[in-house]
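Some notes on the structure that comes next.
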Amino acid sequence: MKKLLTLLAFSAALAQPALAGDLSALGNLSQSEFRRVSEDLGAAFSYKPIAPTEAQGITGFDIGLEVTGTDISRSAGALSRAGASDNSMNTLLIPKLHLHKGLPLGLDVGAFVANVPAINARLYGAEVRYALLGGGVAMPAIGVRGAYTRLDGASQLALSTRSVDISISKGFTVLTPYAGVGQVWVDSSPNAGNLAGESFSQGKLFIGLNLNLGLLNLAFETDKTGDTTSWGMKVGLRW
């Protein structure tokens, strides 16, 4: 198990040699290019649960290593001019350490810490989720979530996201499919004199599948935020 988790994180870190930089040349972009970059990065950096909806209860934990990938083909060229080294990279990969913890009264909290090798920065996020319907043998679980993420360490970019969503899941033996819909608000502020900040919202749709094999847990998710598509996978422990 330790070897599998280590391999996942190591592979994600090595998967990005083509797009390396620190976004230290944002001033090379036009305002429209910066908006497109902000839309793609806002979608990539927004909170992705990669977990089913049902509340885990006070003894519940879900901890794992994950990788999310986002299609940045719309903005790859602009990212290259902004300081990345290669515009042929169309997928932005982000390795994360993710934790969920169950609380009383149908509440769950979650958080992640991530490295963003493509721009030599770090990403942090947190969520609070409340179970509107706990779920059971015959009933699905329904929950609402509020989440926040923040980019840290980028040379010329400050970016944060806020999001809310409602999701549903239903377990079938070891498999639990889930889906949700929500809204993401992005605040993107450049430290480049010719560019203005961008603040906007994007609709969010996501669908996923959780596979629980005792303590070992695997989860897969696809997300579309605005016009940008992401995917994710997580391996870890869940109880």
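Listed values, structure above:
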read-out	value
Karplus-derived HN-Hα couplings along region 132-139 (A = 6.51, B = -1.76, C = 1.60, θ = phi - 60°), whole Hz, x at Gly and Pro	6, 9, x, x, x, 4, 9, 10
Under the Karplus curve 6.51 cos²θ - 1.76 cosθ + 1.60, θ = phi - 60°, whole-Hz ³J(HN,Hα) for region 114-123, x wherever Gly or Pro sits	9, 9, 10, x, 4, 10, 6, 9, 10, 10
Value of relative contact order over the chain, rounded to a whole percent, pairs C-alpha under 8 Å and six or more apart	22 percent
Sequence of PHE220, PHE172 once ranked by neighbouring C-beta atoms within 10 Å, starting from the fewest	PHE172, PHE220
Sorted by Cβ density within 10 Å, fewest first, the residues THR91, THR225, THR70	THR91, THR70, THR225
Solution diffusion estimate, µm²/s, Stokes-Einstein, region 95-151, Kirkwood Rh from C-alpha pairs, 37 °C, viscosity 0.692 mPa s	256 µm²/s
Protection proxy ranking, peptides 110-123, 185-198, average beta carbon neighbours within 10 Å, highest first	110-123, 185-198
Acute angle (nearest 10 degrees) that the helix 31-45 long axis makes with the longest principal axis of the chain, alpha-carbon atoms	20 degrees
Amide proton proximity set for ALA25, modelled H, under 5 Å, gap of 5+	GLY83
Amide H contacts under 5 Å for THR228, placed H, 5+ residues apart	none
Sum of -39500 (n - 2.57) over DSSP H runs of 4+, divided by residues of the chain (222 nm, nearest 500)	-4500 deg cm²/dmol
Globularity ratio of the chain, using Cα Rg and 2.2 N^0.38 Å	1.01
With Cα atoms, 0 to 90° folded angle of helix 2-14 axis to the chain main axis	20 degrees
Span per principal axis, largest first, for the Cα atoms of region 119-178 (Å)	51, 22, 11
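No lab work stands behind these numbers, since they all come straight from the coordinates. Bear in mind that the values here come from a model prediction, so they are computed numbers and not experimental data. Backbone-built Cβ (ideal geometry, glycine too); neighbour counts: all protein chains shown.
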